[in-house]
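Nothing in this text is a laboratory measurement; each read-out follows from the coordinates by a stated rule. Predicted model only: the values in this text are computed from it and were never measured. FYI the Cβ positions are ideal-geometry reconstructions off the backbone, even for glycines, and counts take in every protein chain you see.
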């Protein structure tokens, strides 16, 4: 009730209230869960102590599209999806490292800086089509090889997990 009065007062006074971050807990997913984030410092859990996302929730977040060559595709392919930092912000995730885990339990350790300082995305679409498990989906960690060619090396290839289902946030 207090929030409603504060918003009403702001509108009455002609103030504009804009927020680009999540001030409240995430809504629960309505569709199939494609990503679960867990960690000791998760501010916006929506299912028990985890932040769970369906595809619609992920695609509503700030994202990017990039057409690029990768070691896993033929020719230039267009990837699109939410920025990793937008997903972590939505979950209220804090820490210094990420463990990105695939459906088959393959995992890679990714420094938090790769999310905060690089425009990495959790690609949900390849050439405009939703990525199936068969096509490295539902989520594929893609580095911006199109805008930063210096990332096109084994160090970042090894962190580019596909078929992502979980992210664990650590200290």
Exercise for review: Could you order peptides 160-166, 39-45 by the average number of other Cβ atoms within 10 Å of their residues, highest first?
Suggested key: 160-166, 39-45
Practice item. Can you run the Rg to Rh ratio on the stretch 52-145? Use alpha carbon positions and the Kirkwood inverse-distance Rh. Key: 0.94
Study note, to complete from the structure: Pseudo-spin-label distance residue 117 to residue 152, built 7 Å along Cα→Cβ, given in nm, is 2.2
Point to revise | Degrees separating the helix 2-12 axis from the principal Cα axis of the chain, which is the longest one | key: 80
Check your understanding: So how do 102-111, 123-132 stack up, highest first, on mean other-Cβ count within 10 Å?
Key -> 123-132, 102-111
Study note, to complete from the structure: One can check that the equivalent ellipsoid of the stretch 88-138, built from the alpha-carbon gyration tensor with semi-axes equal to the square roots of five times its eigenvalues, has lengths in Å, largest first, of 22, 15, 10
Point to revise | Spread of Cα-to-Cα distances over 5 Å intervals beginning at zero, given as percent, for the chain | key: 2, 8, 17, 21, 19, 13, 8, 5, 4, 3, 1, 0
Review point. In nanometres, what is the gap between the two model label sites at residue 76 and residue 59, each 7 Å from Cα along Cα-to-Cβ?
Key: 2.4
